[in-house]
Amino acid sequence: MLTFYNEQHAQHRGRHEFFRGEQVPCFEKPERADSVLAELGRRGLGRIVTPHGVPLMSLERIHTPRYLHFLRNAWSEWVALDPANAQKDAFPSVWPVRTLRSDIEPENFAARMGLYSMDSGTPLTAGTWTAAKTGADCAVNAAHALRLGERGAFVLSRPPGHHAGADFFGGYCFLNNAALAAQHLLDDGARKVAIIDIDYHHGNGTQSIFYHRDDVLFVSIHADPRNEYPFYLGHADERGEGAGHGYNMNLPLAAGSSTQAWFTALETACVRIGSFAPDAVVVSLGVDTFVGDPLSRFALQSADYLKIGERLAWLGKPTAFIFEGGYAVKELGVNVVNVLEGYETAL
Ligand SMILES: [Zn+2]
């Protein structure tokens, strides 16, 4: 297992986020990746590699040039509004919902923050672009490694990516690393790629990016969006559109569902992936399904993550694991590395 490690991740360090109307310390923090890196070191699970930078053109395969331009320049624009802003994170405060227009890009910075975002829980900081871009580098590098013959690659990066769409950030995510990995696999010669998203939250960004396509199957197991973030996508009746009809599978489970129900959903997901017969698999690896996660209400135990890795190995495809959510920092390293070790052991 090759691990592509984002050494720049700590440059994205939010001061706080808004949670249920209050300012609270960020759940998505540098210590998360540190926990996983430390556990990888303890278990000696393969080489840890620094990615080489990929051209912006690679990111434009998934994200719009307008959005990437905004993201690259957002921090300097924020500080240009008022030098005192350098001591504050940038947050959106206004959004172009439904009857308002989103086709015209406003000049006002606050208006553009809203245009390119979906919530106020995602601070944009001085180092956000550098951290997110280096994470995207890791994802593209991991995809490339699979095409060169690796059976498994792990992207250890933050901020996460699966909530980010082609032209918006949110849910702690800015660039969609799983989508970038899948697209790079296709650009590198794969005919079909399956993405399985096992984060507690639905991967709305990834779904929306591939919703009209039949070369990428998106399967997601997550908490029912009626009660859990991202709320406005992730229902079972979303099956894809046009050529993509039948290539999107959502398996929502009520918050509080049993671990047995979760593994039944995993089996359904794996059977669907088997019948799709992809050339490679991308896993959006969130471990906020853990019983001790402060944001979530599933009940998986640390040992369950070994079983997940094992089941994914039985798919028999080159697999890229992309680090997404998981906020129980103390157990995070063990849970993530258990998935990777379960995968390696069952190969
Ligand atoms: Zn999550």
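Which members of the range 197-228 meet the condition of being among the hydrophobic types (A, V, I, L, M, F, W, C) and under 22 Å from residue 63 (Cβ atoms)?
209, 210, 216, 217, 218
What number of residues in the range 178-206 are more than 16 Å from the ligand (Cβ to nearest atom), among the acidic types (Asp, Glu) and either free of Cβ contacts under 8 Å to residues at least 60 places away in the same chain or more than 12 Å from residue 143 (Cα to Cα) (or both)?
So the count comes out to 1.
Could you check the range 288-347 and list, in sequence order, the residues that are among the aliphatic types (A, V, I, L, M) and within 22 Å of residue 182 (Cβ to Cβ)?
Result: 308, 312, 313, 315, 320, 322, 336, 339, 340, 347.
Consider residue 175 carefully, then state whether it is in contact with a strand residue (DSSP E or B) (Cβ under 9 Å, 6 or more places away or on another chain) and either closer than 27 Å to residue 3 by Cα or within 16 Å of the ligand (Cβ to nearest atom) (or both).
Criteria met by residue 175.
Consider residue 325 carefully, then state whether it is part of a loop (DSSP other than H, G, I, E, B) and in contact with a Gly (Cβ under 6 Å, 6 or more places away or on another chain).
Yes; evaluated as a whole, the condition is true for this residue.
Are there any pairs, at least 6 apart or on different chains, whose C-beta atoms fall under 7 Å, with the first in the range 240-259 and in a strand (DSSP E or B) and the second aromatic (Phe, Trp, Tyr) and modelled with pLDDT of 95 or more, and if so, which?
From residues that are in a strand (DSSP E or B), the pairs are 248/211; 248/218; 253/262.
Among the listed residues 149, 170, 127, 161, which satisfies the condition of being open to solvent by less than 10 Å² (accessible area, probe 1.4 Å), out of contact with any helix residue (DSSP H, G or I) (no Cβ under 7 Å at 6 or more places or on another chain) and at pLDDT 95 or above?
Among 149, 170, 127, 161, only 170 is open to solvent by less than 10 Å² (accessible area, probe 1.4 Å), out of contact with any helix residue (DSSP H, G or I) (no Cβ under 7 Å at 6 or more places or on another chain) and at pLDDT 95 or above.
Please work out if residue 232 is open to solvent by 50 Å² or more (accessible area, probe 1.4 Å) and within 16 Å of the ligand (Cβ to nearest atom).
The answer is yes for residue 232.
Among the numbered conditions (1) more than 16 Å from the ligand (Cβ to nearest atom); (2) in contact (Cβ under 8 Å) with a residue 60 or more places away in the chain; (3) open to solvent by less than 30 Å² (accessible area, probe 1.4 Å), tell me where residue 120 comes up short.
Checking residue 120 against (1) more than 16 Å from the ligand (Cβ to nearest atom); (2) in contact (Cβ under 8 Å) with a residue 60 or more places away in the chain; (3) open to solvent by less than 30 Å² (accessible area, probe 1.4 Å), the one that fails is (3).
So is residue 302 more than 18 Å from residue 33 (Cβ to Cβ), within 16 Å of the ligand (Cβ to nearest atom) and open to solvent by less than 40 Å² (accessible area, probe 1.4 Å) or not?
no
Which of the residues spanning the range 260-294 are farther than 27 Å from residue 210 by Cα, open to solvent by 30 Å² or more (accessible area, probe 1.4 Å), part of a loop (DSSP other than H, G, I, E, B) and of a type outside the set (Val, Ile, Thr)?
292, 294 - these are the residues of the range 260-294 that are farther than 27 Å from residue 210 by Cα, open to solvent by 30 Å² or more (accessible area, probe 1.4 Å), part of a loop (DSSP other than H, G, I, E, B) and of a type outside the set (Val, Ile, Thr).
For the range 174-198, what are the residues that are acidic (Asp, Glu) and buried (at least 24 other Cβ atoms within 10 Å of the Cβ)?
Passing the criteria: only 197.
Could you tell me how many of the residues in the range 329-347 are surrounded by 19 or more Cβ atoms within 10 Å (Cβ to Cβ) and either among the small types (Gly, Ala, Ser) or at positive phi (or both)?
Count: 2.
Would you confirm whether or not the range 308-327 contains a residue that is at positive phi and open to solvent by 30 Å² or more (accessible area, probe 1.4 Å)?
Yes, the range 308-327 contains at least one residue that is at positive phi and open to solvent by 30 Å² or more (accessible area, probe 1.4 Å).
If you take the residues of the range 283-299 that are among the aliphatic types (A, V, I, L, M) and within 11 Å of the ligand (Cβ to nearest atom), which of them is farthest from residue 29 (Cα to Cα)?
285
Provide a single number: the residues in the range 97-113 that are touching a residue at least 12 places away in the same chain (Cβ under 8 Å), part of a loop (DSSP other than H, G, I, E, B) and among the charged types (D, E, K, R).
Matching residues across the range 97-113 total 1.
The values are calculated or read from the model by the stated rules, or taken from the named source; none is laboratory data. Since we're looking at a predicted model, the values are computed, not measured. Neighbour counts are summed over all protein chains in view; Cβ atoms, including those assigned to glycine, are modelled from backbone coordinates with ideal geometry. These accessible areas exclude ligands, DNA and RNA; they are computed on the full protein's heavy atoms, side chains included. Shrake-Rupley method; radii C 1.70, N 1.55, O 1.52, S 1.80 Å.
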